[in-house]
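The values are calculated or read from the model by the stated rules, or taken from the named source; none is laboratory data. This one's a predicted model, so the numbers in the text were calculated from it and none came from an experiment. We place every Cβ from the backbone using ideal geometry, glycine too, and count neighbours over all the protein chains shown.
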Amino acid sequence: MLNRAAVTRSVRTTCYSVNLLISMAKKTRRQFIEDSMFVTAAAVTASSAETASGHQSLSPNERLNVAVVGVRGRGNSHISAFAGRKDTHIRWICDADRDIGSKRVVETAKRQQGASPLFANDLREVLEDKSVDIVSIATPNHWHALAAIWSIQAGKDVYLEKPVSHNVSEGRRIVEAARKYGRIVQTGTQSRSNPGMQAAVDYLHANKLGKCRVARGLCYKRRKSIGAAGVFEPPKSVDYNYYLGPAPVQPVSRRQFHYDWHWQDAYGNGDLGNQGIHQMDLARWGLGINELSQNVFSYGGRFDYHDAGNTANTQVVVHDYGEQTLVFEVRGLETTEHRGAKVGVIYECENGYVVMASYSGGAAFDLDGKKIKSFKGTGDHFDNFLKAVRSRKTEDLNADILQGHLSSALCHLGNISLDLGGPLPVAEVQKQAARLGSNDNDSDTFSRTLQHLNNNNVNFEKYPCYLGRELKFDPKTELFVNDPQADQKLTRDYRAPFIVPKQGEI
Ligand SMILES: NC(=O)c1ccc[n+]([C@@H]2O[C@H](COP(=O)([O-])OP(=O)(O)OC[C@H]3O[C@@H](n4cnc5c(N)ncnc54)[C@H](O)[C@@H]3O)[C@@H](O)[C@H]2O)c1
């Protein structure tokens, strides 16, 4: 059914007003009445030429209909972004948790002058609605690729939260689907739309401090234990089978159902794929690299607590790009900052360094540590997406899905390396880390990480340090080199009907 919809919508032109009229002709009487009420209400409020945010005021018929999918945390910000504009209308709220969805429907109706969105528990119901132009996805990570691909196949443009995928293959499949069906797909790495960040990256790309050799992404964010593993009931308002979707069927083992899935690898990707993906993306962008690395290794562990989580809370990932190196450090225990940053990126160049310690900017320093330039300014990532939706040009996007795929995959590759490793005495990990991380002077990264763990009195007998496998990767095929065991981790076993297509199936 979804493919049939994709065929009919793939010929859609940029003339949304015509499309809306055509689709209104096909609507049920109830939908038509609802829309008419909405149009009347909107026409009254849309009297000024410019909205508060400076967008050109459009006639109601030119509004883009949006479905927001997964609305508890980040999805609520998606609602704010689309409901706060005059050129978009939230037509659907979709959430696997009926209580959360219903609450957001009421709130959204108030924001839309009484025009209530429809509610669906299941994305497939939303995709049947031909009047929907945009699907905005903020579900847990294990659902990202499937939700995006289904939406693309149904002819919708997509705003997709980071990481765009739960594994490497999923990200590439979304890129293929976006290109095949001619859809606009923005990744939710919003700092790419901040002028401060753009200016810093331009500065780096212009080699103002000479060639940039190392980008060091930092995700130093305290993460506490999520409580002991157990068998818990999902909330009664949740359709648990649908919530699990592409993940295996298993009981809930975490105390807090929502959000804490980040720390269970069936659904999330640890802090590397949570906060870390933002800085991973900035690190790669600043280095000017547009492919995956040929060498990756990682070390770390889940230190200081045994709980329902199984992702690392302390981790170093090194991507070796030959003349350039991308290092990533995750610290979930108490820590001090590193060179002025806790969550940020440090770019080490020939004649100085740049520190981006926030989403909106940072500063450049010479080799003596003297500040020579500042970068500041925030932007509107949703606005950038909507401009591209109207222009139909992927190149107008600040964070096209290809960029999202590459940066998400760099996180996944780090996790695969760690997964395939094993516990070793700390001295042995240190020796191997120094050997593998040649360009980065990784013995220093390791020493600082060890110092940090010692500051937290980590008992390595109880919480061992893991050395990941050194992996060789082919960025062209996006497969590992002669490592079938590692290749298996590029995807997962899906269960019908929640199947993300394999290579060649898009
Ligand atoms: N860009 C950012 O700055 C930013 C910030 C926070 C979170 N995020 C991303 O947003 C996503 C959501 O994070 P969160 O913290 O809001 O998680 P959350 O657990 O608080 O909320 C997820 C919601 O999705 C719903 N859901 C799950 N599967 C669904 C499905 N198939 N269809 C519809 N609804 C479904 C859940 O019921 C829940 O209400 C994550 O991928 C996260 O990485 C991005």
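Here are a few things to note about the model shown:
- Restricting attention to the stretch 239-255, the residues that are more than 30 Å from His452 (Cα to Cα), assigned to a loop (DSSP other than H, G, I, E, B) and either within 12 Å of the ligand (Cβ to nearest atom) or of a type in the set (Lys, Arg) (or both) add up to 4.
- Test: residue in the stretch 224-238 that is more than 20 Å from Ala308 (Cβ to Cβ) and within 15 Å of the ligand (Cβ to nearest atom): yes
- Residue in the stretch 461-486 that is farthest from Ser169 (Cα to Cα), counting only those that are among the hydrophobic types (A, V, I, L, M, F, W, C) and within 25 Å of the chain's Cα centre (by Cα): Leu471
- Scanning the stretch 150-172 for residues that are more than 15 Å from the chain's Cα centre (by Cα) and of a type outside the set (S, T, N, Q), we see that the one that is nearest to the ligand (Cβ to nearest atom) is Trp150.
- Unique match (being surrounded by 24 or more Cβ atoms within 10 Å (Cβ to Cβ), touching a Gly at 6+ places or on another chain (Cβ under 6 Å) and in contact (Cβ under 8 Å) with a residue 40 or more places away in the chain) among Val185, Val164: Val164
- Residue within the stretch 304-319 that is more than 16 Å from the ligand (Cβ to nearest atom) and on the phi > 0 side of the Ramachandran plot present: yes
- Every listed requirement among (1) under 26 Å from the mean Cα position of the chain (by Cα); (2) at pLDDT below 95 is met by Asp419 save one, (2).
- Against the numbered list (1) hydrophobic (A, V, I, L, M, F, W, C); (2) part of a strand (DSSP E or B); (3) under 30 Å from Ser169 (Cβ atoms), Val354 comes up short only at (3).
- Counted residues, the stretch 304-320 - those being surrounded by fewer than 24 Cβ atoms within 10 Å (Cβ to Cβ) and over 15 Å from Asp419 (Cα atoms): 6
- Selection status of Val317, closer than 30 Å to Gln256 by Cα and of a type in the set (Val, Ile, Thr): yes
- Restricting the first member to the stretch 234-245 and to residues that are closer than 16 Å to Tyr259 by Cβ, and the second to residues that are surrounded by 14 or more Cβ atoms within 10 Å (Cβ to Cβ) and among the aliphatic types (A, V, I, L, M), the beta-carbon pairs closer than 7 Å and six or more apart or on different chains are Pro234/Val252; Val238/Ala96; Tyr243/Ala96.
- Assessment of the stretch 263-285 against the conditions (surrounded by fewer than 21 Cβ atoms within 10 Å (Cβ to Cβ), under 16 Å from Val231 (Cα atoms) and within 12 Å of the ligand (Cβ to nearest atom)) yields no matching residue.
- Annotation note: of His258, His205, the sole residue that is more than 16 Å from the ligand (Cβ to nearest atom) and surrounded by fewer than 23 Cβ atoms within 10 Å (Cβ to Cβ) is His205.
- Considering the conditions (1) out of contact with any Lys or Arg (no Cβ under 8 Å at 6 or more places or on another chain); (2) within 16 Å of the ligand (Cβ to nearest atom), Gly300 is excluded by exactly one of them, (2).
- In summary, Gly288 fulfils each of the numbered conditions (1) within 16 Å of the ligand (Cβ to nearest atom); (2) in the same structural domain as Val426 (by TED's automatic domain parsing); (3) in contact with a strand residue (DSSP E or B) (Cβ under 9 Å, 6 or more places away or on another chain) with the single exception of condition (1).
- Of the residues making up the stretch 68-80, just one is within 11 Å of the ligand (Cβ to nearest atom), small (Gly, Ala, Ser) and more than 19 Å from Val238 (Cβ to Cβ), namely Ser77.
- Every residue from the stretch 64-106 that is at pLDDT 95 or above and among the charged types (D, E, K, R): Arg72, Arg74, Arg85, Asp87, Arg91, Asp95, Asp97, Arg98, Asp99, Lys103, Arg104
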